[in-house]
Amino acid sequence: MSRPGFVLEVDERTPPILFHYGEGFRLEKLPLGSRVVYPPDPLPSLGDVDSAIEHALDHPLDSEPLDHLLRAGMKLTIAFDDISLPLPPMQAPDVRGRVLEHVIERAARAGVDDVEIIAANSLHRPMTGAEIKHIVGERVFGSFWPDRLRNFDAEDPDDLTLVGTTDQGEHVEVSSRALTSDLVVYVNINLVPMDGGHKSVPVGLGSYRSLKHHHNVHTMMHSRSYMDPPSSAMHASCDRMGRLLEKSLKVFKIETTLDNRSFGAPFDFLQKREWEWSARDQATYLTTARVTNRISAKVKREIFSRIRAPYGVTGVTAGETEAVHERTLAAVYSQQAVEVDGESDILLAGLPYVGPYNVNSIMNPILVVCQGLGYFFNMYRGRPLVRRGGVMICFHPVPREFHQVHHPSYVDFFEEVLPETTNPQLIEEKFEERFATDPWYVHLYRTSHAYHGVHPLYMWYWAAHAMDYLGDVIFVGGDRSAVSRLGFRSAGTLDDALEMASHTVGSSPRITAIRCPPLMIADVK
């Protein structure tokens with residue numbers, strides 16, 4: 001049995017607490033009485049993953065077995081989640097590649113010749129061949145790339161079809177290849193509860209015309225918790241789209257769940273609670289801290305980008321979308337949920353080097369905001385870990401750096417939009433259409449490895465709920481000019497940040513820190 005999540009109350013014996021700090025770390029002595037929320041230990045993983053995949057395909061939920069859905073002469077499309085998850089990327093073999101091999105073998109036995117495999121990257125950047133190969137494995141890559149294995153192109157007029165509109169007037173426009181297939185098999189990893197379900201096909205294989213209905217400020221502001229899909233306005237929109245879509249195509253969903261073994265040796269000390277560090281763990285931390293403090297950002301980035309997580313697979317479920325996702329959510333909450341008693345005045349979070357949109361790339365200032373306020377703030381069910389009007393303090397250097405190939409529209413958003421306004425609603429009203437339709441951004445998205453032009457605006461919208469909810473946001477160690485441009489404040493030390501926060505929450509605040517990653521979801525009672 002793995003240990004459940006744990007809430008520590010800091011006392012005189014508590015050692016300094018580890019916080020991620022971009023491509024580095026900080027040890028911070030927290031005030032007495034502060035709380036630290038630790039994620040559960042990794043759950044037991046499946047002993048035989050291939051047997052589990054076979055069983056899921058033969059015994060799906062609310063669906064015929066996969067073999068019964070395959071026949072000679074049919075048109076089969078297989079879609080899979082892109083590089084944005086899991087985080088860090090999974091050690092080879094990636095479970096998606098293992099699932100793909102089983103599906104493809106069964107299709108071949110059934111005489112299915114028309115097979116196409118699509119990375120469901122939506123408005124994310126198209127992956128490189130090497131990135132796709134890591135996910136799908138050498139056998140699938142060698143057999144299908146590049147003619148029958150490709151990135152989805154959300155701007156290809158020849159591969160987009162408007163299916164219709166929901167009862168809420170939402171346009172559903174998806175891949176024509178998928179829509180004209182006899183069967184769509186979607187293979188995903190559920191890293192957090194907001195992944196998967198009906199969100200997979202209409203988002204992963206959808207166009208801007210569809211995504212704008214739920215990737216908008218209103219939807220983000222009216223989602224009580226992204227990590228609790230029944231309360232999420234975004235998921236409600238995706239559910240409506242998914243149900244409409246599945247009237248036109250047959251979807252066989254395969255969802256997988258992982259444990260939270262995010263780091264292996266030599267970084268496995270990051271998985272442990274500080275008072276349980278061995279002498280080797282302490283030495284590894286000190287060495288890592290010294291090295292990351294001395295070397296350049298480029299070298300640090302190269303080192304951290306090579307980290308592959310030794311995840312274990314905890315579940316494989318196949319069948320009808322809603323039935324599959326219900327079981328998947330239960331598995332995710334079982335691994336990540338931690339019960340926490342009440343809200344705090346201040347929430348502390350160390351932001352790591354990697355997020356969904358800077359894999360093999362750079363965590364630019366917009367993505368730092370999305371990670372801190374869009375994701376870490378929202379890692380809760382029920383209500384946030386910090387009270388309305390409270391303060392969030394994040395640890396991150398917030399370097400004023402951008403990947404010129406991956407994030408061209410981010411540069412313009414930072415340099416042109418944010419000096420004018422940081423208000424999400426005004427940004428949406430004045431700038432979204434321009435960024436979404438700019439011919440140069442569209443060209444870079446389609447022909448290079450750039451995120452769609454509208455992507456930085458969507459990342460800003462993810463933070464809209466936290467911006468409205470919090471009284472102050474402070475970045476410890478953040479570049480002052482970059483943080484100021486974002487509309488927040490920076491502090492040199494945690495003590496400085498707490499002094500600054502006292503003007504908002506008083507001199508005796510209740511403080512909660514989250515020890516993340518590994519990922520956790522706070523059940524705030």
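One table, with the values for the structure above:
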read-out: Residue list for region 282-296, restricted to those being surrounded by 11 or more Cβ atoms within 10 Å (Cβ to Cβ), within 20 Å of His396 (Cβ to Cβ) and without any contact (Cβ under 8 Å) to a residue 24 or more places away in the chain; value: Val291, Ile295
read-out: Selected residue (criterion: least open to solvent (accessible area, probe 1.4 Å)) from residues of region 243-281 that are among the basic types (Lys, Arg) and in contact (Cβ under 8 Å) with a residue 24 or more places away in the chain; value: Lys253
read-out: Identity of the residue in region 156-171, under 20 Å from Ile117 (Cβ atoms) and of a type outside the set (Ser, Thr, Tyr), that ends up least open to solvent (accessible area, probe 1.4 Å); value: Asp159
read-out: Every residue from region 33-63 that is part of a loop (DSSP other than H, G, I, E, B), over 25 Å from the mean Cα position of the chain (by Cα) and either among the small types (Gly, Ala, Ser) or at pLDDT below 95 (or both); value: Gly33, Ser34, Gly47, Ser63
read-out: Residue under evaluation Gly372, criteria (1) touching a helix residue (DSSP H, G or I) at 6+ places or on another chain (Cβ under 6 Å); (2) crowded, with 23+ Cβ neighbours inside 10 Å; (3) assigned to a helix (DSSP H, G or I), criterion not met; value: (1)
read-out: Any pair with Cβ under 9 angstrom, 6 or more apart, that starts in region 134-161 at a residue that is more than 19 Å from Ala436 (Cβ to Cβ) and ends at one that is among the acidic types (Asp, Glu) and part of a helix (DSSP H, G or I); value: Val136/Glu101; Gly137/Glu101; Arg139/Glu101; Val140/Glu101
read-out: Lone qualifier among Arg489, Arg446, Arg485 - being surrounded by fewer than 17 Cβ atoms within 10 Å (Cβ to Cβ), farther than 30 Å from Leu43 by Cα and of a type outside the set (Phe, Trp, Tyr); value: Arg446
read-out: Residue ID - nearest to the chain's Cα centre (by Cα), chosen from residues in region 492-507 that are open to solvent by 30 Å² or more (accessible area, probe 1.4 Å) and of a type in the set (Val, Ile, Thr); value: Thr493
read-out: Test: residue in region 29-38 that is of a type outside the set (S, T, N, Q), open to solvent by 30 Å² or more (accessible area, probe 1.4 Å), within 30 Å of Leu347 (Cα to Cα) and in contact (Cβ under 8 Å) with a residue 60 or more places away in the chain; value: yes
read-out: Candidates Tyr441, Tyr461 - the one that is among the hydroxyl-bearing types (Ser, Thr, Tyr), open to solvent by less than 30 Å² (accessible area, probe 1.4 Å) and over 21 Å from Arg485 (Cα atoms); value: Tyr441
read-out: Among the candidates Val398, Val369, Val386, Val417, residue that is on the phi > 0 side of the Ramachandran plot and out of contact with any His (no Cβ under 9 Å at 6 or more places or on another chain); value: Val398
read-out: Subset of region 382-406 [surrounded by fewer than 19 Cβ atoms within 10 Å (Cβ to Cβ) and either among the β-branched types (Val, Ile, Thr) or within 16 Å of Met221 (Cα to Cα) (or both)]; value: Gly382, Arg383, Arg388, Gly389, Val405
read-out: Qualifying positions in region 412-448 - polar (S, T, N, Q) and touching a residue at least 24 places away in the same chain (Cβ under 8 Å); value: Thr422, Gln425, Ser448
read-out: Criterion: at pLDDT 95 or above, on the phi < 0 side of the Ramachandran plot and surrounded by fewer than 21 Cβ atoms within 10 Å (Cβ to Cβ) - qualifying residue of Phe475, Phe431; value: Phe431
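The values are calculated or read from the model by the stated rules, or taken from the named source; none is laboratory data. Keep in mind the model is a prediction, meaning the values are calculated, not measured. A quick note on method: Cβ atoms are made from the backbone with ideal geometry, for glycine too, and the neighbour counts reach across all protein chains shown. Keep in mind that these areas ignore ligands, DNA and RNA; they rest on the heavy atoms of the full protein, side chains included. Shrake-Rupley method; radii C 1.70, N 1.55, O 1.52, S 1.80 Å.
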